[in-house]
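Notes follow once the structure below has been shown.
Values in this text are rule-based calculations from the coordinates and carry no lab data. A quick note: this is a predicted structure, and the numbers were derived from the prediction, not measured. Glycine also receives a Cβ, built like all others from the backbone with ideal geometry; neighbour counts cover every protein chain displayed.
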Amino acid sequence: MNALQRLLRRPFFIRLLHWEYWSFGAVYGWIYPVWVFLALRARSFFFFAASNPKIQNGGFLCESKKDIHKIMSPNLYPATIHFASGSSPDEVIRKLKENGFTYPLIGKPDTGGRGRGVKLLENENECEAYVNNTEIDFHIQKFIPYKNESGIFYYRWPGETSGHISGIVRKEFLSVKGNGKSTVRELLMKDKRSLLQMKSIHNMYGDYLGTILPSGEEKIMVPYGNHARGAMFLDDSRLTDDRLVSVVNSICKDIDEFYFGRLDIKYDNWEDFKNGKKFSVIEVNGAGAEPTHIYDPGHSIFFAWKEIVRHWFILNKISRMNHKRGVKYLTVKEGLRMFREDKEHSKKLNKMIE
């Protein structure tokens, strides 16, 4: 490897040369004028709150997963127990046992974002540590063993009986494949995506990174379908067909007054999922959801801007339609309070990052 190649493998240059790693402001700052135009059109900067009337702030920020679960059929999402901040580890473990929960489990903040605070809990000790490290309301879910995960963006015009799919992203978890010679650390260091996650991976695995995997053996290193935590996002929007629209429409109409957002779904295989079998909705994202298929490494920043703006126009139209039938926008005071609360909440979430 020559000097230039070594230079380009430094995290700074990986992020600089691949727009998918740019900061939120660097991606969205260029298209903020479009948001201002849409706000003027709706006569409210906080028009998005009317998009999904039964979700706090329309699901833009600070929405509670506990509250979202209340408007969903329990069969759609993994068995879940919600806990208030300050719950003792003994209390949490007792409730998990009473409800027949067995490890591994998934711990999540009640109000999250970008995978922060999400952790796979392999045993009781890890569960205790998670509870002790959590300063906000949280919940623990049964782990869904399906190996496939996709995000499906859905919208439905108020008054319509059937909705539309506007994007599909397939998520590939950060993993390595053994060659019988290299250590896990050496395998990770060969991949630019893995390089950006090395600090958190080291915290998760420690000495295990010195293990040599047998040839052909694959190890999922980060079992979370979050781009910020190393998952690769691939655009599968071409897979949209009538059968898929039908099953996704059925799911979304089972969420009270859900008109715009992204479902993150784990499933066994694509054909069964299209038949409404062997799947679980692990996340419902509302007005603040990104059309995450834009993060496919094959897409340019110009494609991303086009898709973001397209979804903003849809969000704006749905919000104005709901507003006409009596759904309120946030006031300026309420909107500013939402941003302040999100800022404070983010500080607590950041403390949970490994």
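A crude spin-label estimate for the pair Leu195 and Arg94, with each label 7 Å from Cα along the Cβ direction, gives 5.1 nm. Spin-label model, Ile301 to Lys54: label points 7 Å out along the Cα-to-beta-carbon direction sit 4.1 nm apart. Compared with the direct C-alpha span, the chain from Arg238 to Lys147 gains 30.7 nm at full extension, assuming 0.36 nm per residue.
Across Ile165, Ile255, Ile31, mean-square fluctuation computed from a Gaussian network of the chain (C-alpha pairs under 10 Å connected) peaks at Ile31. Straight-line cross-link partners of Lys278 among the aspartates and glutamates, defined as a Cα under 16 Å from its Cα and at least 8 positions apart when in the same chain: Glu149, Asp264, Asp268.
Grab the beta carbon distance between Asn179 and Leu7, set R0 = 25 Å, and tell me the FRET efficiency rounded to 0.05. Can you show the working numbers first?
Details: r = 26 Å, r/R0 = 1.05.
Plugging the Cβ-Cβ distance into 1/(1 + (r/R0)^6) gives 0.45.
For the chain, the dipole from Cβ point charges (+1 on Lys and Arg, -1 on Asp and Glu) about the Cα centre works out to 1040 debye, to the nearest 20.
When the convex hull of the C-alpha atoms of segment 255-313 is computed, what volume per residue in Å³ does it have? Display every interim value, and only then the final one.
Numbers: hull volume 6.8 nm³, N = 59.
Roughly 115 Å³ of hull volume per residue.
Between Ser280, Ser250, Ser23, find the one with the highest GNM mean-square fluctuation for the chain; connect C-alpha pairs within less than 10 Å. Highest fluctuation of the listed residues: Ser23. Give the lysines reachable from Lys343 as a straight Cα distance under 17 Å; neighbours fewer than 8 places away on the same chain don't count. Qualifying lysines at Cα under 17 Å: Lys333, Lys351. Computed log10 I(q)/I(0) for segment 169-283 at 0.14, 0.17, 0.19, 0.20 Å⁻¹: -0.71, -0.89, -0.99, -1.04, from the Debye equation with unit scatterers placed on every C-alpha and solvent omitted.
Along the charge dipole of the chain, Cβ charges K/R +1 and D/E -1, which of Gly178, Phe47, Phe37 sits furthest on the positive end? Of the candidates, Phe37 comes out farthest on the positive side.
Measuring against 19 Å, Cα to Cα, the residue pairs Lys253/Lys277; Lys177/Lys266; Lys70/Lys324 contain Lys177/Lys266; Lys70/Lys324 as the ones spanning a longer distance. Full extension of the segment from Trp22 to Lys343, taken as 0.36 nm per residue of separation minus the current Cα-Cα distance, would add 113.6 nm.
Here segment 100-138 is scanned for amide nitrogen atoms under 11 Å from the site 7 Å beyond the Cα of Lys351 along Cα-to-Cβ, giving 133-136. Here volume of the Cα convex hull per residue in Å³ was computed from the coordinates, and among [x] 159; [y] 133; [z] 147 the match is [z]. Where only DSSP H runs of four or more residues are counted, the chain gives -11000 deg cm²/dmol as its mean residue ellipticity at 222 nm, each run worth -39500 (n - 2.57).
Please report, ordered by residue number, every helix of the chain (full DSSP H runs) that is 24 Å or longer along its axis going by C-alpha atoms and whose mean Kyte-Doolittle hydropathy reaches -1.0.
Numbers: long enough: 301-324 (34 Å, -0.09); 332-352 (31 Å, -1.52).
For the chain, where a helix must reach 24 Å along its axis and average at least -1.0, the hits are 301-324.
One Cα centroid belongs to segment 126-187, the other to segment 275-314; the line between them spans 14 Å.
Length gained on full extension, Thr161 to Lys324: 56.8 nm, using 0.36 nm per residue less the C-alpha separation.
How fast does segment 79-143 diffuse by Stokes-Einstein, in µm²/s, taking the Kirkwood radius from C-alpha pairs at 4 °C and 1.567 mPa s?
On the way: Rh = 11.5 Å.
The Stokes-Einstein estimate is 113 µm²/s.
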